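**Student:** Following this message is one structure expressed as structure tokens.
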Amino acid sequence: VELSAENHKMIWVPPGFAHGFQALEDNTIVLYLVTKEYAPDLEACIRWDDPEIGIDWPIKEGVIISYVHHNKKIAVLVELLCQTDFVASNKEFQKIGQEIAMQIAFTNPKTVSELLKQEHIRDPQKKIENLIKEGILKLGENIKLSRFIRWELS
């Protein structure tokens, strides 16, 4: 359900039901009414990305990272997506994009799927998909490698 000042919709969450919210705009204000006083001893948590729940959180923010090899003959652009502009501007998130761009420059994968299965050039014990998963755990929101392009001087 999308709630907004324009559509005046509200949602009722029955007592005991799990619930969560994601602001789709900056400076969002949520008015949250309850039927009883807060009872911390009854609180429980659910991971936002629990596969059993399967919430399709929107991934609409991100960055385009560029890498030019030191010989100036190979260049890469990577589109790395996340859920919020807060994470998109995070240096750790951008570092993941730089690592992926460098990987593409050196290994020349043809597809995102192929790239994700590759061993990381800096740490062969880790695959590129693991690099992204570590970023998800560290930054607390979903990260997706959307697409990339690699140019090489011919």
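**Student:** List, in order, the whole-Hz ³J(HN,Hα) value for each residue of region 138-146 obtained from phi through the Karplus relation with A = 6.51, B = -1.76, C = 1.60 and θ = phi - 60°; use x for Gly and Pro.
**Tutor:** With coefficients 6.51, -1.76 and 1.60, one gets 6, 8, x, 8, 5, 10, 9, 7, 7 Hz.
**Student:** While we're on this one: How much length, in nm to one decimal, is gained on full extension between Gln94 and Lys138, taken as 0.36 nm per residue of separation minus their Cα-Cα distance?
**Tutor:** Numbers: separation 44, 0.36 × 44 = 15.84 nm, distance 1.30 nm.
Here the segment from Gln94 to Lys138 would lengthen by 14.5 nm.
**Student:** Still on this structure, please answer the following. Tell me the label only: which of (i) 18.3; (ii) 20.3; (iii) 16.7 is Kirkwood radius over Cα pairs in Å as calculated from this structure?
**Tutor:** Given (i) 18.3; (ii) 20.3; (iii) 16.7, the structure-derived one carries the label (i).
**Student:** Label region 87-154 by shape, choosing from rounded, prolate and oblate, from the square roots a ≥ b ≥ c of the eigenvalues of the Cα gyration tensor; if a/c is under 1.5 it is rounded, and otherwise prolate applies when a/b is larger than b/c, oblate when it is not. Write down the numbers at each step before the final one.
**Tutor:** Values: a/c = 1.93, a/b = 1.50, b/c = 1.29.
The shape class here is prolate.
**Student:** Identify the residues of region 54-84 with backbone N under 20 Å of a label point that sits 7 angstrom from the Cα of Arg122 along the Cα-to-Cβ direction, or state none.
**Tutor:** 63-72, 74-82
**Student:** Given H placed on each backbone N at 1.01 Å, which residues far from Asp49 in sequence or on other chains put an amide H within less than 5 Å of it?
**Tutor:** Those qualifying (amide H under 5 Å, at least 5 residues apart or on another chain) number zero.
**Student:** Under the classification rounded if a/c is under 1.5, otherwise prolate if a/b is larger than b/c and oblate if not, where does region 1-53 fall, given a ≥ b ≥ c as square roots of the Cα gyration tensor eigenvalues?
**Tutor:** oblate
**Student:** Loop-only GluC sites (Glu not before Pro) in region 21-126, please: DSSP not H, G, I, E or B, and at most 11 other Cβ atoms within 10 Å. Don't skip to the end; give the middle numbers.
**Tutor:** Working: sites: Glu25, Glu37, Glu43, Glu52, Glu61, Glu79, Glu92, Glu99, Glu114, Glu119; in loops: Glu25, Glu37, Glu43, Glu52.
Passing sites in region 21-126 are Glu25, Glu37, Glu43, Glu52.
**Student:** Tell me the mean residue ellipticity at 222 nm calculated for the chain from its helices only (DSSP H runs of n ≥ 4, each -39500 (n - 2.57), averaged over every residue, nearest 500). Before the final figure, lay out the partial values.
**Tutor:** Values: 4 runs with 39 residues, N = 154.
That calculation yields -7500 deg cm²/dmol at 222 nm.
**Student:** Given a cut-off of 30 Å, name the pairs among Lys110/Lys133; Lys36/Lys60; Lys73/Lys144 whose C-alpha atoms lie farther apart than that in the structure shown.
**Tutor:** Numbers: Lys110/Lys133 21 Å; Lys36/Lys60 36 Å; Lys73/Lys144 27 Å.
Violating the 30 Å limit, Cα to Cα: Lys36/Lys60.
**Student:** Tell me which trypsin sites (Lys or Arg not before Pro) from region 44-122 have a DSSP coil assignment and no more than 14 other beta carbons within 10 Å of their own. Don't skip to the end; give the middle numbers.
**Tutor:** Working: sites: Arg47, Lys60, Lys72, Lys73, Lys91, Lys95, Lys110, Lys117, Arg122; in loops: Arg47, Lys60, Lys72, Lys73, Lys110, Arg122.
Sparse-neighbourhood loop trypsin sites (Lys or Arg not before Pro): Arg47, Lys60, Lys72, Lys73, Lys110, Arg122.
**Student:** Quick one: longest stretch of the chain between exposed loop chymotrypsin sites (Phe, Trp or Tyr not before Pro), exposed meaning at most 16 other C-beta atoms within 10 Å and loop per DSSP?
**Tutor:** Values: sites that count: Trp12, Phe17, Phe21, Tyr32, Tyr38, Trp48.
Longest gap between qualifying sites, sites excluded: 49-154.
**Student:** Gap in Å between the Cα centre of region 1-71 and the Cα centre of region 101-147?
**Tutor:** So the two Cα centres are separated by 26 Å.
**Student:** So, counting K/R as plus one and D/E as minus one, what does the shell of residues with Cβ under 12 Å around Trp48 add up to?
**Tutor:** On the way: positive: Arg47; negative: Asp49, Asp50, Asp56, Glu141.
Local charge sum for Trp48: -3.
Rule-based calculations on the coordinates, nothing more; no lab input. Keep in mind that what you see is a predicted model, and the values were worked out from it rather than measured. Every residue, glycine as well, gets a Cβ built from its backbone with ideal geometry; the counts of neighbours run over all protein chains shown.
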